[in-house]
Ligand code: PMV
């Protein structure tokens, strides 16, 4: 039996813009996804999910499904419309597990059955990177179980390929953060990810951010990315560019621990993301209220609901405000460790 884990993540800044080549800053968070894997005698893949569902597929069915989705992805890519891929998961949520494990077994050339148990504190589909953390932790666990000895870079590369089958054309920021951990600068240059750890530059801790669960998004990441892609280019581009500038401003502010600027960046990012059409009523409500007490707040990840990152120098006051609005706080520190095998 092997147990591996990967952290969830938040975008401090740069979601959506990152899809168009702008930089983003992400942080791994203390809520992790644990994947336990062991070989089984039969040729089945059994998965006990973090929500206590017991799924059972045959190895061949999973591998075949992963092959089919890879072909479908190529077709979608030619049309730059990934709706068909995204619909696979709307039709049946179990397909996330089928394709994830199927892809890994296919890559590793494994025909044996495996038993997988997932334990996770990362809310699913909420912008905290559950799908990436699950892929990363599964690759890490199965690579160890079958003696593949993958490097972190190889784990990250495979996880990105699974993320594409899940979401169409994601930036790769989620899987990179879940693999490498810490605080990351992320940018795609000519389609290639440039990932730099900010650990050396930003050494102090950030304890006063608050992560809020605003409820499940109404749309998937893939759909929200597609929604932004469908906007008129001359409307989208200035907002995307501004988000890129805000990422630079955020880096400087974090380095200098200039929390006034951090709040300004959060609020301006939220405004731009709202204009890109990815906010919703709960997010707007929290944003307005947090700004009302002089704090900063922005949605995290694809949006349409999900988690929100908030900051106020008086954390207690902020927490009280959020709770009085009826929302749940997710306790998770920023900057936690990347994927690892559990001892
Ligand atoms: O909501 P998440 O965790 O899936 O993050 C999506 C972030 C986007 O920038 C909207 C897309 C991406 O792949 O980076």
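How many angstrom lie between the Cα centre of segment 275-343 and the Cα centre of segment 132-198?
Each part reduced to its Cα centre gives a spacing of 24 Å.
Where in segment 183-221 is the amide nitrogen less than 16 Å from a point lying 7 Å along the Cα-to-Cβ axis of residue 264?
Counting only backbone N, you get no residues.
Give the calculated FRET efficiency between residue 333 and residue 46 to the nearest 0.05, with a Förster radius of 35 Å applied to their Cβ-Cβ distance. Numbers along the way, then the final one.
On the way: r = 33 Å, r/R0 = 0.95.
For residue 333 and residue 46, the calculated efficiency is 0.60.
Calculate log10 I(q)/I(0) of segment 20-80 for q = 0.14, 0.23, 0.24 Å⁻¹, where I(q) comes from the Debye formula with a single equal point scatterer on each Cα and nothing for solvent.
Debye intensities relative to I(0), on a log10 scale: -0.77, -0.97, -0.99.
If I fit a long axis through the Cα atoms of helix 315-324 and take the longest principal axis of the Cα atoms of the chain, what angle between them do I get, 0 to 90°, rounded to 10?
70 degrees
Fully extended, how many nm does the chain gain between residue 197 and residue 315 (0.36 nm per residue separation, minus their Cα-Cα distance)?
On the way: separation 118, 0.36 × 118 = 42.48 nm, distance 2.70 nm.
Extra length from residue 197 to residue 315 when fully extended: 39.8 nm.
Only Cα pairs under 8 Å and at least 6 apart count here; give the relative contact order of the chain as a rounded whole percent.
27 percent
Which value does Rg/Rh take for segment 216-325 over its C-alpha atoms, Rh per Kirkwood?
Values: Rg = 14.2 Å, Rh = 14.5 Å.
Rg/Rh for segment 216-325 comes to 0.98.
Kindly rank 188-199, 270-281, 127-138 from highest to lowest mean number of other beta carbons found within 10 Å of each residue.
Values: 188-199: 13.0, 270-281: 19.0, 127-138: 30.1.
Packing proxy ranking, top to bottom: 127-138, 270-281, 188-199.
Which log10 I(q)/I(0) values, to two decimals, does segment 285-343 give at q = 0.14, 0.18, 0.23 Å⁻¹ under the Debye formula with one point per Cα?
Debye intensities relative to I(0), on a log10 scale: -0.46, -0.68, -0.98.
Can you check how the C-alpha radius of gyration of segment 139-263 compares to 2.2 N^0.38 Å, as a plain ratio? The partial results should precede the final answer.
On the way: Rg = 17.2 Å, N = 125, 2.2 N^0.38 = 13.8 Å.
Dividing the Cα radius of gyration by 2.2 N^0.38 Å gives 1.25.
Which FRET efficiency, nearest 0.05, do residue 284 and residue 79 yield, Cβ-Cβ r, R0 30 Å? Write out the running numbers ahead of the final one.
On the way: r = 33 Å, r/R0 = 1.10.
Computed FRET efficiency for residue 284 and residue 79: 0.35.
Which whole-number percent of Cα pairs in segment 112-189 have a distance greater than 16 Å? Mind dumping the intermediate values first?
Details: 1544 of 3003 pairs.
Value for segment 112-189 (Cα pairs over 16 Å): 51 percent.
Distances over 20 Å make up what percent of all Cα-Cα pairs in segment 47-194?
47 percent
Which three extents, in angstrom, do the Cα atoms of the chain have along their principal axes, listed largest first?
59, 45, 38
Take the eigenvalues of the Cα gyration tensor for segment 18-129, scale each by 5, and report the square roots as semi-axes in whole Å, largest first. Display every interim value, and only then the final one.
Working: eigenvalues 128, 90, 33 Å².
Equivalent ellipsoid semi-axes, largest first: 25, 21, 13 Å.
Between residue 232 and residue 87, how many nm apart are label points set 7 Å from Cα along the C-beta direction?
The answer from the label model is 2.9 nm.
Just so you know, all these numbers are worked out from the coordinates, no wet-lab data involved. Please read these numbers as outputs of a predicted model, since none were measured by experiment. Note that we place each Cβ from the backbone using ideal geometry, even for glycine, and neighbour counts take in every protein chain shown.
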